[in-house]
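The values are calculated or read from the model by the stated rules, or taken from the named source; none is laboratory data. For clarity, every value in this text was computed on a predicted model and none was experimentally measured. Every residue, glycine among them, receives a Cβ derived from its backbone with ideal geometry; neighbour counts consider all protein chains shown. Calculation scope for accessible area: heavy atoms of the full protein, side chains included, ligands and nucleic acids excluded. Shrake-Rupley method; radii C 1.70, N 1.55, O 1.52, S 1.80 Å.
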Amino acid sequence: MGEVDPAFIQDPEHRPKLSATEAEGIPLIDLSPLNSSDNISDPKAIEGVVREIGKACKEWGFFQVINHGVLLDKHKKIEAAARKFFAQSLEEKRKITRDEKSMFGYYDTEHTKNVRDWKELFDFAVEEPMLMPASLDPEDKEETKWTNKWPEYPPELRVACEEYTEEVEKLALKLMGLIALSLGLPADRFNSYFKDQTSFIRLNYYPPCPSPQLALGIGRHKDSGALTVLAQDEVGGLEVKRKRDGEWIQVKPTPNAYIINVGDIIQVWSNDRYESVEHRVLVNSEKGRFSIPYFFNPAHYTLVKPLEELTHEQEDPAKYKPYSWGKFLTHRNLSNFKKYNAENIQLYHFRVSE
């Protein structure tokens, strides 16, 4: 990627300010009280953590966690293998390009809001094969199986990915338990949705960009799944849209912390108590950046709708119409292969008009 092709150039109102504010405000939450007790339902050990998480979900939609229990060694191994993979020639990497049949593999022409992102990526499913709807037809109940594509090089990538997945999955479930408690629900309230999960992990590489003021690593977007657990390197570049004033705030990398954000599904389940927030990634003219998001997603047959416990017909009616998660994700995947003039399918299409 040399000179900036017009396909990467953001409209003037969406171009980054390179002197952005750094977010002192994104809450940093210490999960060590959980590690001293294996039992997530021990109220004394975790009351304070639950309160902090609830406040962060409400005010930011984002927070960072430390003392999270994920082994640093597993993170280092997956990042080292990812660096080796992306350092190969384009020809080698494109041998495992993802296609319309399955969203897993390598890809370097992702578009966000119809503008090309300045990045390369490699996606793999957490549970393989991943069961998905065979078509977009709401009446069609047929399933298809999406499988992973692994490169020949580096040979250690697959094992590094699988071992890392195991660790981060435990953290994601732990966080879903804390979020449930913060909403006044039982800690295991969300567990059943993730039985045949459609979660996946993405290895992102953002090469140095000659014009970081014109392009973005990822354009502004919200995550459509339940929860995102992000590991980023020391280069940084993630920006979050602050809820109270709409300012773009840079998230300063904290060593060995994970950045957590609430996705659209939690916004719907919580009936807007918690909100999925826009974020984007800046690029750097000197350094490449690596990040590893884990997208924690429910089974494809999940009908996403506000939880009954959090709605009330008169006082707090459901703000969303139910929608099929699998059909939504399939639609999203297909849009990666077709540049639409219109915006892709979004959560607000399911909002109940007041």
Exercise. When the Kirkwood radius is taken over all Cα pairs of the chain, what Stokes-Einstein diffusion coefficient follows at 37 °C and 0.692 mPa s, in µm²/s?
Worked result: 157
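Over the chain, what percent of the accessible surface lies on carbon and sulfur atoms, probe 1.4 Å?
The computed percentage sits at 49.
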Exercise. When the chain is fully extended, how far beyond the present Cα-Cα distance does ASP137 get from ARG51, taking 0.36 nm per residue of separation?
Worked result: 26.8 nm
Problem set entry | 17 Å reach of a label modelled at GLU152, 7 Å along Cα-to-Cβ, counting backbone N of the range 81-124 | 85-97, 106
Exercise. Among CYS161, CYS209, PRO138, which residue has its Cα positioned farthest towards the positive end of the charge dipole of the range 106-223, with +1 placed on the Cβ of Lys and Arg, -1 on the Cβ of Asp and Glu, and the dipole taken about the Cα centre?
Worked result: CYS209
Problem set entry | In nm, spacing of pseudo-spin labels at SER192 and LYS58 (7 Å Cα→C-beta vector) | 2.8
Exercise. How much accessible area per residue does the chain have, in Å², with a 1.4 Å probe?
Worked result: 46
Exercise. Once you wrap a convex hull around the alpha carbon atoms of the range 281-324, what is its projected area averaged over all directions, in nm²?
Worked result: 5.8
Exercise. What does the helix-only formula give at 222 nm for the chain: each DSSP H stretch with n ≥ 4 adding -39500 (n - 2.57), the total divided by the residues, and the result rounded to the nearest 500 deg cm²/dmol?
Worked result: -7500 deg cm²/dmol
Problem set entry | Contour minus Cα-Cα distance for ASP5 and THR109 (0.36 nm per residue) | 36.2 nm
Problem set entry | Coordinate range along principal axes, alpha carbons of the range 43-147, Å, largest first | 52, 44, 30
Exercise. In µm²/s, what is D for the range 147-246 at 37 °C and 0.692 mPa s, where D = kT/(6 pi eta Rh) by Stokes-Einstein and Rh is the Kirkwood radius from Cα pairs?
Worked result: 193
Exercise. About the Cα centre of the chain, what is the dipole size in debye to 20, counting +1 per Lys and Arg Cβ and -1 per Asp and Glu Cβ, all else neutral?
Worked result: 520
For this session: Using the 2.2 N^0.38 Å rule of thumb for compact globular proteins, work out how the range 148-207 stacks up: its C-alpha Rg over that value, please.
Result: 1.47
For this session: Among DSSP beta bridges whose residues both lie in the range 223-340, state the antiparallel percentage, nearest 5.
Result: 100
For this session: List the pair-distance distribution P(r) of the range 228-354, using every Cα-Cα distance, as the percent of pairs falling in each 5 Å bin from 0 up to the bin containing the longest distance, rounded to whole percents.
Result: 2, 9, 15, 17, 18, 17, 13, 6, 2, 1, 0, 0
For this session: Mind checking which aspartates and glutamates have their Cα closer than 20 Å to the Cα of LYS145? Skip sequence neighbours fewer than 8 apart in that chain.
Result: ASP99, GLU100, ASP123, GLU127, GLU128, ASP137, GLU162, ASP196
